[in-house]
Amino acid sequence: MNATNYPSKYASSKGIFTLGSTRFKWYNLAEDPADISLQDIINAKVCIETADENFQNKDDLGFVIMHRCGENYLLLVCTWRSENELWESVYYDGSGTFEVWDRKNIHIPTYCVWEMGIVYHESRAWKKFLGTDRTEIYQQNYLNDLFEGEV
């Protein structure tokens, strides 16, 4: 298949998801963002709220990509841990509920071409934040710097 026939998807910003002292930018990603139901978003948020990572007890910033892949989802939960590295937990919805994607192999997939559009934006926004004194005003500036568009 040549590049002109490869379908695009759309990244839709859905604001800030706050969990304890961690704040996430929320992105829906799909060929048609309307295909992502409110119930699926609720299920994804419950997954993050109950995750072993215990996000609510960390003072962190990051973003979530809820990627609709056919009839299923990948849920990418990314935090910066106040440094220059992106930390990620990946869940998938393959049985009607989000589960940890067990990735114990050495060479594993990271971001697909659609997700990379969001990750690129977030990388640039975070680098800009790192150049500040990281106070609340700059944290809010980072959180307000949202991506939306075709990827």
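The values are calculated or read from the model by the stated rules, or taken from the named source; none is laboratory data. Predicted, not measured: the structure shown is a model, and the values here were computed from it. Cβ placement follows ideal geometry from the backbone for every residue including glycine, while neighbour counts extend to all protein chains displayed. The area values use the complete protein model at the heavy-atom level, side chains included, leaving out ligands, DNA and RNA. Shrake-Rupley method; radii C 1.70, N 1.55, O 1.52, S 1.80 Å.
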*With Lys104, Lys58, Lys128 as the choices, which residue is over 14 Å from Arg23 (Cα atoms) and either surrounded by 11 or more Cβ atoms within 10 Å (Cβ to Cβ) or in contact (Cβ under 8 Å) with a residue 40 or more places away in the chain (or both)?*
Lys128
*Could you list all residues from segment 107-125 that are surrounded by fewer than 13 Cβ atoms within 10 Å (Cβ to Cβ) and modelled with pLDDT under 95?*
His107, Ile108, Pro109, Thr110, Val113
*Residue match in segment 10-31 (condition: without any contact (Cβ under 8 Å) to a residue 40 or more places away in the chain and more than 26 Å from Thr132 (Cβ to Cβ))*: yes
_Condition broken by Glu83, with the remaining ones in (1) open to solvent by less than 80 Å² (accessible area, probe 1.4 Å); (2) touching a Leu at 6+ places or on another chain (Cβ under 9 Å); (3) of a type outside the set (Ser, Thr, Tyr); (4) not in a helix (DSSP H, G or I) satisfied_ = (1)
*What number of residues within segment 32-50 satisfy the criterion of being in contact (Cβ under 8 Å) with a residue 40 or more places away in the chain and of a type in the set (Gly, Ala, Ser)?*
1
*What about Tyr142, is it farther than 18 Å from Ala30 by Cα, in contact with a helix residue (DSSP H, G or I) (Cβ under 7 Å, 6 or more places away or on another chain), open to solvent by 50 Å² or more (accessible area, probe 1.4 Å) and not polar (S, T, N, Q)?*
no
*Arg81 among the basic types (Lys, Arg), within 16 Å of the chain's Cα centre (by Cα) and modelled with pLDDT under 95*: yes
